[in-house]
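Peer 1: Got a structure for you, questions after.
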Amino acid sequence: MTTLPLDNTFDDPTRRAPLVLNHDDFGSVTNTICGVNEAPKPPRAWYIAFGISVTFLMILGVLIGYLFWTGVGVWGNQNPAMWGFPIVNFVFWVGIGHAGTLISAILYLFRQKWRTAINRFAEAMTIFAVICAGMFPGIHVGRVWVSYWLFPIPNQMELWPQFRSPLLWDVFAVGTYFTVSLLFWYVGMIPDLATLRDRAKTKLKAISYGIFALGWRGSMRHWHRYERAYLLLAALATPLVLSVHSVVSFDFAVAQVPGWHTTIFPPYFVAGAIFSGFAMVMTLAIPARQWWGLKDFITLRHLETMNKIILVTGSMVGYAYIMEFFTAWYSGAMYESFAFVNRMFGQYAWAYWIMVSCNVFVPQLFWFKKARQSIAIMFVVCLLVNVGMWFERFVIIVTSLSQDYLPANWDYFHPTWVDLTMLAGSFGLFMTLFLLFIRYLPVIAIAEVKAIMPAANPHAHDHDKEASA
Amino acid sequence: MNDVAGTTAVPAQSPRTIPSPSSVDESSEKLYGLLAEFQTPAAIVSAAKKVHEAGYKWWDCCAPFPVHGLDKAMGIRPTILPWLVLGAGITGGTLGMLLQWFTNATNLEIWGGPIWVTGYAFLVSGKPFASVPTWIPVMFELTVLLSAIGAVVFLMLLNKLPQLYHPCFKNERFARVTDDRFFIIIEAKDPLFYRAKTQQLLASLGATAVEEVQA
């Protein structure tokens, strides 16, 4: 075998950059990745992060109890901004989830082999983000004891849900998205759980992994059907991810509120979701690869490629901002034009400019190779992108609601301490689940990474001839 | 244990299933098959081709990842799974349509299990009772949902998983199937299986080890 270069970020069209560094054979790949789970104790950073996350999770639990006991008035939702932080947080978390599905499903359809290093924990991130997202509509209904009215279940009033409403389409869309992502994630994990089962040193681990591995033994007849099912799931998840965030955008686009009622919302929201999701994947991947020694799999090339995607989707979002503004001006519609001028110079101008600088200006740094390849810069950029995307949803929802058609209704929305703490608590929920995932489940798709290595090619002798030429 | 070099002497008994001389209770230990270990994907693909050409039907390859071209070399016919998933998807779309039509566009009363349920057609902002464009999101989501659930359920059913026990798991070498080794297992119930002949064939294909698997 030829020696692998340590830096795979070269852009030479005559030779493919290696996607796995320093691991020539399959056994070493298994050892390194399973080493994350098999280490007797996780790194100290894990304990610190877990402690902080569980604290925030418990705060969230207490606040949810307080919310159920006292009512929705503990939030800042108030005439005229009847939708406040809960829906902002919902859209924020659902958007983050979309990157995981894009990496798993869409990049699979595009045969992008580099996805195999990040698809497992990106999918995990999706599921945890959707859990955080789904929590908010669930708790915000006011009368939580009749929230089963959201579903087409016979009830005492003989009344059914209003299927013409995007709020109900959301129920089906987010429910489907969660289920399909969970299935996709689990099915992808079965071969890796079998690997952990076969390497388990304790009876408990062998049985636990063994049950969920379903007795997988790597039979090629099974792999054949597995590959077909995986392709079908990827092909299903792709339009699903596009439709879910479009349906979420319909929550706003189907209404008549100025600044909301525009056809650009579905593609704009989807691009923004992918943008924020990739930034969250990077925020998680950069520490994870450092603390668990996964730099040979999540290489600098992977990070650089993700930065390019962040640049592209960030530019799409910037374009959408410009087009919204142009449409509002060109339409000549008084309320629409006012809505956009108000966003830039009105009472929430501070939020608008945070949003624009974080979403449009900051990612433009990634035009420069030095910024794309610097861990510190990309980490800061990704954090700012997530901040900016949260503010985008805040700006869309709160500015449009707080100053819409009738000036007599105008007011300034204030979040309460419960709003802010619940937002922090949702991060606690997300990080707790994610840290548990890293500790106990295969964090990189072992079988898929092996399949894209040069050693996996049955015609490997042709490869060697080329390489030594 | 049997190894690659040299052939074992063929006893003059029934040739098909001869228990290994080292097993303790010869009458109850039935031979499940022969397991051959390979080190590289190229080796197993060429070996599989030859096993398939030799005419074996009850056999399988096992690998830590799906080796490119191995299913074709084995002669595996494309699975029916996509058609089943299509059926599940069509069911989902139809269910979505019927659900919304019944609940929002009719006043029909149907027997739904323990109780009668009735549709409740009501006007919302002047939209028609049967407003098909607004039905599309839920229909689409249910199509995708049932297709995905169908894909996973039919995958498990066709693969007969979960199958927590398999005779190969008793073999120590086989533990590396999920790590970095490739295996061919030819079952004893195959009509062409002859203990010594099959062992010779597997040995000639470049296997690094050929072992028995007891049922």
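Peer 1: With respect to A:Val281, determine if the residue is over 20 Å from A:Tyr319 (Cβ atoms), in contact (Cβ under 8 Å) with a residue 60 or more places away in the chain, in a helix (DSSP H, G or I) and more than 11 Å from chain B (Cβ to nearest Cβ). Walk me through how you get there before you give the answer.
Peer 2: Numbers: over 20 Å from A:Tyr319 (Cβ atoms): yes; in contact (Cβ under 8 Å) with a residue 60 or more places away in the chain: yes; in a helix (DSSP H, G or I): yes; more than 11 Å from chain B (Cβ to nearest Cβ): yes.
Taking the combined requirement at face value, the residue satisfies it.
Peer 1: Taking the condition out of contact with any strand residue (DSSP E or B) (no Cβ under 6 Å at 6 or more places or on another chain) and on the phi < 0 side of the Ramachandran plot, does B:Val177 pass? Quick ask: steps written out before the conclusion?
Peer 2: Working: out of contact with any strand residue (DSSP E or B) (no Cβ under 6 Å at 6 or more places or on another chain): no; on the phi < 0 side of the Ramachandran plot: yes.
No; evaluated as a whole, the condition is false for this residue.
Peer 1: Would you point out which residue out of B:Leu158, B:Leu123, B:Leu164, B:Leu192 is open to solvent by 20 Å² or more (accessible area, probe 1.4 Å) and under 24 Å from A:Thr179 (Cβ atoms)?
Peer 2: B:Leu158
Peer 1: Right, next: So which pairs qualify, if the first residue must be in region B:139-158 and at the interface with chain A (Cβ under 7 Å from one of its Cβ atoms) and at pLDDT 95 or above, the second must be open to solvent by 50 Å² or more (accessible area, probe 1.4 Å) and not in a helix (DSSP H, G or I), the Cβ gap must be under 8 Å, and the two must be at least 6 apart or on different chains?
Peer 2: The qualifying pairs are B:Leu158/B:Ile80.
Peer 1: Same structure again: So A:Thr421 clears everything in (1) modelled with pLDDT of 95 or more; (2) more than 24 Å from A:Val74 (Cβ to Cβ) except one condition, right? Which one?
Peer 2: The one condition A:Thr421 does not meet is (2).
Peer 1: Could you run through region B:115-136 and say how many residues are more than 8 Å from chain A (Cβ to nearest Cβ) and either within 39 Å of the chain's Cα centre (by Cα) or of a type in the set (D, E, K, R) (or both)?
Peer 2: 1
Peer 1: State all residues of region B:166-215 that are away from chain A (no Cβ under 14 Å) and in a helix (DSSP H, G or I); if no residue qualifies, say none.
Peer 2: B:Arg195, B:Ala196, B:Lys197, B:Thr198, B:Gln199, B:Gln200, B:Leu201, B:Leu202, B:Ala203, B:Ser204
Peer 1: Can you give me the number of residues within region A:91-114 that are of a type outside the set (Val, Ile, Thr), over 10 Å from the mean Cα position of the chain (by Cα) and open to solvent by 10 Å² or more (accessible area, probe 1.4 Å)?
Peer 2: Number of matching residues: 8.
Peer 1: Among the candidates A:Gly175, A:Gly134, A:Gly210, which residue alone is in a helix (DSSP H, G or I), open to solvent by 30 Å² or more (accessible area, probe 1.4 Å), within 10 Å of chain B (Cβ to nearest Cβ) and small (Gly, Ala, Ser)?
Peer 2: Going through A:Gly175, A:Gly134, A:Gly210 in turn, just one is in a helix (DSSP H, G or I), open to solvent by 30 Å² or more (accessible area, probe 1.4 Å), within 10 Å of chain B (Cβ to nearest Cβ) and small (Gly, Ala, Ser): A:Gly175.
Peer 1: Then there is this: Pull up region A:216-249, narrow it to residues that are without any contact (Cβ under 8 Å) to a residue 12 or more places away in the chain and surrounded by fewer than 19 Cβ atoms within 10 Å (Cβ to Cβ), then point me to the one that is farthest from the chain's Cα centre (by Cα). Talk me through it step by step, then tell me what you get.
Peer 2: Applying the first criterion (without any contact (Cβ under 8 Å) to a residue 12 or more places away in the chain) to region A:216-249 yields A:219-225, A:227-228, A:232, A:239.
Now narrow it down to the ones that are surrounded by fewer than 19 Cβ atoms within 10 Å (Cβ to Cβ): A:221, A:227, A:239.
Working: A:Arg221: 33, A:Glu227: 24, A:Pro239: 16 Å.
The qualifying residue farthest from the chain's Cα centre (by Cα) is A:Arg221.
Peer 1: Considering only region B:102-113, I want to know if a residue exists there that is of a type in the set (Gly, Ala, Ser), modelled with pLDDT under 90 and open to solvent by less than 80 Å² (accessible area, probe 1.4 Å). Let's see the steps before the verdict.
Peer 2: At the first step, the residues of region B:102-113 found to be of a type in the set (Gly, Ala, Ser) are B:105, B:112-113.
Filter once more, keeping what is modelled with pLDDT under 90: B:112-113.
Then drop every residue that is not open to solvent by less than 80 Å² (accessible area, probe 1.4 Å), which leaves B:112-113.
The answer is yes; a qualifying residue exists.
Peer 1: Still on this structure, please answer the following. Applying the selection to region B:162-173, what residues are within 25 Å of B:Glu212 (Cβ to Cβ) and under 18 Å from the mean Cα position of the chain (by Cα)?
Peer 2: B:Gln163, B:Leu164, B:Tyr165, B:His166, B:Pro167, B:Cys168, B:Phe169
Peer 1: Could you give every pair whose Cβ atoms fall below 7 Å, whose first residue belongs to region B:70-86 and is facing chain A (nearest Cβ under 9 Å) and open to solvent by less than 50 Å² (accessible area, probe 1.4 Å), and whose second residue is among the hydroxyl-bearing types (Ser, Thr, Tyr) and part of a helix (DSSP H, G or I), counting only separations of at least 6 or pairs across chains?
Peer 2: Pairs found: B:Val85/B:Ser147.
Peer 1: Give B:Val132, B:Val67, B:Val153 a once-over and let me know the one that is open to solvent by 30 Å² or more (accessible area, probe 1.4 Å) and over 30 Å from A:Val254 (Cα atoms).
Peer 2: B:Val153
Peer 1: Within region A:385-428, take every residue that is without any contact (Cβ under 8 Å) to a residue 40 or more places away in the chain and either touching a strand residue (DSSP E or B) at 6+ places or on another chain (Cβ under 8 Å) or more than 27 Å from A:Phe278 (Cβ to Cβ) (or both) and give me the one that is most open to solvent (accessible area, probe 1.4 Å).
Peer 2: The extreme case among them is A:Trp417.
Peer 1: Hey, another quick one. For region A:9-50, name all the residues that are farther than 22 Å from A:Glu448 by Cβ and touching a residue at least 24 places away in the same chain (Cβ under 8 Å).
Peer 2: Listed by number, the residues that qualify are A:Pro42, A:Pro43, A:Ala45, A:Trp46, A:Ala49, A:Phe50.
Peer 1: In addition: Out of all the residues in region A:250-279, which are farther than 27 Å from B:Thr134 by Cβ and open to solvent by 10 Å² or more (accessible area, probe 1.4 Å)? Give the derivation first.
Peer 2: Within region A:250-279, the subset farther than 27 Å from B:Thr134 by Cβ is A:275-279.
Scanning region A:250-279 gives no hits.
Peer 1: Does A:Leu107 satisfy the criteria of being farther than 24 Å from A:Phe68 by Cα, at pLDDT below 95 and either in contact with a strand residue (DSSP E or B) (Cβ under 6 Å, 6 or more places away or on another chain) or assigned to a helix (DSSP H, G or I) (or both)?
Peer 2: Answer is yes for this residue.
Peer 1: Take the conditions farther than 30 Å from A:Pro154 by Cβ and either at pLDDT 90 or above or at the interface with another protein chain (Cβ under 10 Å from one of its Cβ atoms) (or both) and apply them to B:Gln39. Does it pass? I'd like the intermediate steps shown before the answer.
Peer 2: Details: farther than 30 Å from A:Pro154 by Cβ: yes; either at pLDDT 90 or above or at the interface with another protein chain (Cβ under 10 Å from one of its Cβ atoms) (or both): yes.
Considered against the rule, which asks whether it is farther than 30 Å from A:Pro154 by Cβ and either at pLDDT 90 or above or at the interface with another protein chain (Cβ under 10 Å from one of its Cβ atoms) (or both), B:Gln39 comes out as yes.
The values are calculated or read from the model by the stated rules, or taken from the named source; none is laboratory data. Note that the structure is predicted; figures quoted are calculated from it, not measured. Cβ atoms come from the backbone with ideal geometry, glycine included; neighbour counts cover every protein chain shown. Ligands, DNA and RNA are excluded from the accessible area calculation, which covers all protein heavy atoms including side chains. Shrake-Rupley method; radii C 1.70, N 1.55, O 1.52, S 1.80 Å.
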